[in-house]
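Heads up: the structure comes next, in structure tokens.
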Amino acid sequence: MSNLIQHVKTGGKFENIYRYSRLIHIGDWIMSSGTAGRNYVTREISPVVAQQVHQAMKNISSALKALNATVSDIVQIRIFIATQDDLPEVLETLATYFEGTDPVHAIHCGPLPGGAEVKIELEVTCYKPTSSEVKREWLVTQPE
């Protein structure tokens, strides 16, 4: 395994001001910073939560391309929402991206950075082994 750490920057003004990377790639793992549903080119953000989810996923997907990774490499997603009322719509929208991969997720609810217009922020972890193809297996257990 290489000792290389790759940093992916997307040109966002805050990445340079606050000294962080959009993604970090270490070995077989890729981790993201929190990613809002703002179009980072136009700085616009939709008032519709589902559109913010789509834009956040577009932002993440675009950054992953720099590492030859895709949304299908996501194994964990952390979902930050400003209000619990948006949760069903957020989860339904996210589900469209993960059919066949079913990553684990955690949900956090509360005020988000970026102002009241920011309704969601997503943070992901990817597994992208360099040595072999990933195989998936689903096991089902029953609660005790």
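Give me a count of the residues in segment 25-50 that are among the basic types (Lys, Arg) and surrounded by fewer than 15 Cβ atoms within 10 Å (Cβ to Cβ).
1
Starting from segment 25-47, take each residue that is in contact (Cβ under 8 Å) with a residue 24 or more places away in the chain and closer than 22 Å to Val90 by Cβ and list its partners that are among the aromatic types (Phe, Trp, Tyr) and surrounded by fewer than 17 Cβ atoms within 10 Å (Cβ to Cβ), counting only C-beta distances under 6 angstrom and pairs at least six apart or across chains.
Listed by first residue and then by second, the contacts come to Ser33/Tyr20.
In segment 85-144, how many residues are at positive phi and in a helix (DSSP H, G or I)?
Total satisfying the criteria: 0.
One line per residue, one yes/no per condition, for (1) under 11 Å from the mean Cα position of the chain (by Cα); (2) within 20 Å of Gly34 (Cβ to Cβ); (3) surrounded by 15 or more Cβ atoms within 10 Å (Cβ to Cβ); (4) modelled with pLDDT under 95:
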residue	(1), (2), (3), (4)
Gln52	no, yes, yes, no
Gln84	no, yes, no, no
Glu92	no, no, no, no
Ala106	no, yes, no, no
Cys109	no, yes, no, no
Gly114	no, yes, yes, yes
Ser132	no, no, no, yes
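More than 24 Å from Pro129 (Cα to Cα), aliphatic (A, V, I, L, M), open to solvent by 20 Å² or more (accessible area, probe 1.4 Å) and not in a helix (DSSP H, G or I) - does that describe any residue in segment 72-81?
No: zero hits.
Taking the residues in segment 10-24 that are among the charged types (D, E, K, R) and open to solvent by less than 90 Å² (accessible area, probe 1.4 Å) as candidates, determine which candidate is modelled with the highest pLDDT.
Arg22
Please work out which one of (1) assigned to a loop (DSSP other than H, G, I, E, B); (2) open to solvent by less than 70 Å² (accessible area, probe 1.4 Å) is the condition Ser61 fails and give its number.
So Ser61 meets the others, but not (1).
The values are calculated or read from the model by the stated rules, or taken from the named source; none is laboratory data. Please read all numbers here as calculations on a predicted model, not as lab measurements. All Cβ positions, glycine included, derive from the backbone under ideal geometry; neighbour counts span all protein chains shown. With ligands, DNA and RNA removed, areas are computed over all heavy atoms of the protein, side chains included. Shrake-Rupley method; radii C 1.70, N 1.55, O 1.52, S 1.80 Å.
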